[in-house]
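First up is the structure itself, then whatever we jot down about it.
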Protein chains: 2
Amino acid sequence: MELVRIYECLCDVTRLRLLNVLAQGPVCVCHFQEVLGEPQVKISKHLAYLRERGLVESERQGNWVIYELATKPSRELKVNLACLQDCARENRVFKRDLARLKQIEASCAWVRAGEPAKASGQCRGG
Amino acid sequence: MELVRIYECLCDVTRLRLLNVLAQGPVCVCHFQEVLGEPQVKISKHLAYLRERGLVESERQGNWVIYELATKPSRELKVNLACLQDCARENRVFKRDLARLKQIEASCAWVRAGEPAKASGQCRGG
DNA sequence: TGATCGTATTCCTTTGCCGGAATACGCTTC
DNA sequence: GAAGCGTATTCCGGCAAAGGAATACGATCA
């Protein structure tokens with residue numbers, strides 16, 4: 001049953017946090033590390049887990065890899081991600097992550113507006 | 001995070017089927033066995049799993065034990081059970097289970113209407 | 001071409017879950 | 001109180017997942 005595969009993805013805090021962040025839009029791996037404050041291996045492995053099960057997709061941009069939510073989600077996936085968003089709205093951890101994400105994206109904004117990302121050593125995911 | 005505990009309950013087919021059946025109302029263990037067509041141990045253990053995590057409650061009635069959904073569910077639990085119901089509506093397995101449940105309950109109805117359950121050797125859960 | 005950066009993978013250990021067989025428990029009936 | 005019924009628990013074996021350390025990979029830069 002596909003539904004079970006979806007729930008299997010949702011029964012880990014790290015993955016829930018990743019999905020919550022991704023709900024805001026595409027993000028690169030290095031940003032995940034900063035936002036979640038978790039080691040690279042952990043982030044990378046959980047993203048791989050989500051990718052194998054079709055919840056997220058990835059695209060390489062030079063050195064960086066950008067992740068985003070599935071572009072063609074099944075109905076079940078869509079419904080459950082919406083449900084997760086509903087629950088995340090009132091949760092400390094999720095809200096803190098989004099706050100951090102905004103900070104990081106803000107400090108990237110002037111980079112994107114000015115010099116290209118390469119020159120400044122900043123990635124552009126998000 | 002409580003949300004994870006909920007999702008852990010949802011990432012097993014048997015438990016999803018149990019919850020789907022319970023959404024119709026209280027049910028006793030022996031009915032679960034008939035509806036799901038699974039061995040007693042399996043049913044009992046998954047129900048215990050759900051009970052430990054507060055998704056269901058149980059009550060003994062003579063030889064039989066009746067299970068029902070949590071009477072005071074958290075907001076997160078309520079939302080997710082509703083979401084599950086949404087998904088279950090279009091799923092073969094879930095629909096088949098409910099059909100079997102109706103059959104069983106129908107064959108119990110005349111029992112409940114007439115002789116007491118004890119006399120006929122039928123349980124009354126559901 | 002070699003160094004460096006961001007990301008992925010492998011190896012390993014620990015932990016938890018799933019399923020079945022056997023058995024124990026609580027309750028009713030005779 | 002012993003037998004019978006419905007349910008729960010224990011004791012396995014197998015398997016998958018999680019986390020960290022080390023390492024490999026792909027791309028860029030000097």
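The values are calculated or read from the model by the stated rules, or taken from the named source; none is laboratory data. Note that the structure is a prediction, hence the values are computed from the model and not measured. Note: ideal-geometry Cβ built from the backbone for every residue, glycine included; neighbour counts use all protein chains shown. Note: accessible area is taken over every heavy atom of the protein model, side chains too, but ligands, DNA and RNA are not part of it. Shrake-Rupley method; radii C 1.70, N 1.55, O 1.52, S 1.80 Å.
Taking every C-alpha pair closer than 8 Å and separated by at least 6 residues, the mean separation divided by the residue count of chain A gives a relative contact order of 31 percent. On association of chains B and A, roughly 2000 Å² of accessible area becomes buried (total for both chains; probe 1.4 Å).
Here the protein assembly as shown is treated with +1 on each Lys and Arg Cβ and -1 on each Asp and Glu Cβ, and its dipole about the Cα centre works out to around 60 debye.
Taking 1.002 mPa s as the viscosity and 20 °C as the temperature, the Stokes-Einstein diffusion coefficient of the stretch A:2-120 based on its alpha-carbon Kirkwood radius rounds to 144 µm²/s. Spin-label model, residue B:72/residue A:1: points 7 Å from Cα along the beta carbon direction are separated by 2.9 nm. In chain B, the calculated helix contribution to ellipticity at 222 nm averages -19500 deg cm²/dmol per residue, counting -39,500 (n - 2.57) for every DSSP H run with n ≥ 4. Taking a straight line from the alpha carbon of residue B:95, these lysines sit under 22 Å away, with near neighbours fewer than eight places off in the same chain left out: A:78, B:42, B:78.
Take each residue in B:77-86, count the other chain C-beta atoms within 10 Å of its C-beta, and the mean is 3. Compared with the dominant Cα axis of chain B, that is its longest principal axis, helix B:75-88 is turned about 70°.
Over all other residues within a Cβ to Cβ distance under 12 Å of residue A:77, the charged ones net out to +3, with Lys and Arg as +1 and Asp and Glu as -1.
Principal-axis analysis of the Cα atoms of chain B puts helix B:13-22 at an angle of about 60° to the longest axis.
Annotation: amide H of residue B:24 has no partner in the under-5 Å range at sequence separation 5 or more or interchain, hydrogens built in the peptide plane.
Decide, for the protein assembly as shown, between rounded, prolate and oblate: order the square roots of the alpha carbon gyration tensor eigenvalues as a ≥ b ≥ c, take rounded if a/c falls under 1.5, and otherwise choose prolate if a/b is larger than b/c, else oblate. In terms of gyration-tensor shape, prolate.
Taking the protein heavy atoms of the protein assembly as shown in the context of the full set of protein chains, the accessible area attributed to carbon and sulfur is 49 percent at 1.4 Å.
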